[in-house]
1. Can you tell me which residue within region 114-133, out of those that are assigned to a helix (DSSP H, G or I) and surrounded by 12 or more Cβ atoms within 10 Å (Cβ to Cβ), is modelled with the lowest pLDDT?
2. Only one of L200, L190, L184 is touching a residue at least 40 places away in the same chain (Cβ under 8 Å), part of a strand (DSSP E or B) and either under 22 Å from N47 (Cβ atoms) or not assigned by TED's automatic domain parsing to the domain that holds G82 (or both); which?
3. Pick from L66, L62, L140, L101: which is under 23 Å from the mean Cα position of the chain (by Cα), away from the ligand (no atom under 16 Å from the Cβ) and modelled with pLDDT of 95 or more?
4. Among the residues of region 248-266, write down those that are closer than 19 Å to S207 by Cα and in a helix (DSSP H, G or I).
5. What number goes with the only condition from (1) within 22 Å of R235 (Cβ to Cβ); (2) under 23 Å from the mean Cα position of the chain (by Cα); (3) open to solvent by 60 Å² or more (accessible area, probe 1.4 Å) that L425 does not pass?
6. Can you pull out every residue in region 150-166 that is under 15 Å from the mean Cα position of the chain (by Cα) and within 30 Å of H189 (Cβ to Cβ)?
7. Within region 366-382, can one find any residue that is of a type in the set (S, T, Y) and surrounded by fewer than 13 Cβ atoms within 10 Å (Cβ to Cβ)?
8. Please list, ordered by first then second residue, the pairs with beta carbon atoms under 8 Å, 6 or more apart or interchain, first in region 233-252 and in contact (Cβ under 8 Å) with a residue 60 or more places away in the chain, second in a loop (DSSP other than H, G, I, E, B) and away from the ligand (no atom under 16 Å from the Cβ).
Amino acid sequence: MNEKKLLYIETFGCQMNDRDSEIMRQLLATAYETTDVISSADAIIVNTCSIRDKAEQKAYSLLGALRKKKKENPGLIIAATGCVAQQEGEKMLSRMPHVDLVVGPRNIYQLPELFRRAEQQQKGIVATDQAKSFMIPPFLPSLQQGQPHKRFVTIMQGCNNFCTYCIVPFTRGREISRKAEDILSEINHLAAGGVKEVTLLGQNVNSYGNDQPEGNRTSFASLLRRVSEIKGVERLRFTTSNPKDLSEELMQCFTDLKKLCPHFHLPVQSGSNAILKSMNRRYTIELYLEKVEKLRSYYPQLALTTDIIVGFPGESRADFQATMDLIEKVRYHAAFSFKYSSRPPAKSCQMAETVSREEKEERLAELQERLSSITLERNREYIGQRLELMVEGESKAADGQWSGRSGTNHIVNFQSPDVLAPGNLVQVIIREACLHSLRGELL
Ligand code: SF4
């Protein structure tokens, strides 16, 4: 029996890419087993991200570094996948002639065939066509690999929103929702295998089902309800959402579904209506705040997090101040914040940059300083509270301690006289709050 060859996968970017790497690993599992040692690999996949210039440069520098390996071992297969592969296609081959395969996010299901062709010395294969008829094939992940107690489950691909700064609609195509049956059978499979927490993934999960034919449409809220009925699933999460599609039907789920974790990631991007308009976000700050207030009326203890961009073309000091005012009103539990960088072919790259690099850095620093102090204030509100945690394992931050994640998505470190298994649910009282974690006492 032929010995399996070794496959090394480097994954950049978002959870969608993590998930795609898991799918690629499994699709190639008959001929390849994975290794964490890049120097011993017979094949290397670089799963790229192009959300910001920095991410793209990281992927290119790794691909560039592989040129020498290819010279030493001409039989080595090098594949570039993910959003930079989709965005660049043929252009990547002229820049990186030592790369054998350039494969877009929708073409990963062709990987076994593409690898066979590369093994037969076919060079420079590009598979980035985004056929309109593309359907996300059913997929049952292996239970041997990955986290034993929690998993990401992709429910849709692509996005139709065309926010002017975003490259996703160009690299991941139009929205395609997976069949609800395929999603439910995958989660039943995971739950039967001991997985306790699932996170539903999509670029804009709120519009799940909108592309399905009339009469056979499942809304995101009803999908959540069906998933929460699956035996063995103890916790349910989802990410990410465009506020414009946040429905009251979805908000109601936070009241009704005990398994739905009280954490909502709701990217706002800016506090200025003028900037939101030129970002093509299609909501105003007034509407956003109205939805936040309503969401909190359904679940007052909900932890709210967000994404913010500073330095978008045309952002005046007053626009930036509107963002600073917004975070005072909403008081997010945590936030990811970034300097604007133009991402061709996204529409904003035709807009003149009006905010200097220095000014972007100053605004980002000012924003992050205030966001951090709000996060710490918010974390201190948990002191004395009882929280249920799902055990993640031994703490990476505190020696001799365990860490678990609360429903509100906080990492909590705590002592335990017993050895605990990932996925166990434990009760703690919060005794201390730090910026990125809480400390609890086991009950
Ligand atoms: S909704 Fe999100 S993924 Fe879609 S275009 Fe806007 S920022 Fe990009």
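The values are calculated or read from the model by the stated rules, or taken from the named source; none is laboratory data. The structure displayed is predicted, hence computed values, not measured ones. So basically every Cβ, Gly included, is an ideal-geometry build from the backbone, and we count neighbours across all protein chains shown. Each accessible area value is taken on the protein alone, full model and side chains, heavy atoms only, with ligands, DNA and RNA left out. Shrake-Rupley method; radii C 1.70, N 1.55, O 1.52, S 1.80 Å.
1. Selected residue: E119.
2. L200
3. Going through L66, L62, L140, L101 in turn, just one is under 23 Å from the mean Cα position of the chain (by Cα), away from the ligand (no atom under 16 Å from the Cβ) and modelled with pLDDT of 95 or more: L62.
4. Within region 248-266, the subset closer than 19 Å to S207 by Cα is 248-254, 260, 263-266.
Of everything in region 248-266, those that are closer than 19 Å to S207 by Cα and in a helix (DSSP H, G or I) turn out to be E248, E249, L250, M251, Q252, C253, F254.
5. If we test L425 against (1) within 22 Å of R235 (Cβ to Cβ); (2) under 23 Å from the mean Cα position of the chain (by Cα); (3) open to solvent by 60 Å² or more (accessible area, probe 1.4 Å), just (2) comes out false.
6. Kept after step one, since they are under 15 Å from the mean Cα position of the chain (by Cα), are these residues of region 150-166: 150-159, 166.
K150, R151, F152, V153, T154, I155, M156, Q157, G158, C159 - these are the residues of region 150-166 that are under 15 Å from the mean Cα position of the chain (by Cα) and within 30 Å of H189 (Cβ to Cβ).
7. Within region 366-382, one or more residues are of a type in the set (S, T, Y) and surrounded by fewer than 13 Cβ atoms within 10 Å (Cβ to Cβ).
8. Between residues of region 233-252 that are in contact (Cβ under 8 Å) with a residue 60 or more places away in the chain and residues that are in a loop (DSSP other than H, G, I, E, B) and away from the ligand (no atom under 16 Å from the Cβ), the close pairs are E234/K196; E234/K259; R235/K196; R235/K259; R235/C261; R235/G407; R237/C261; R237/N409.
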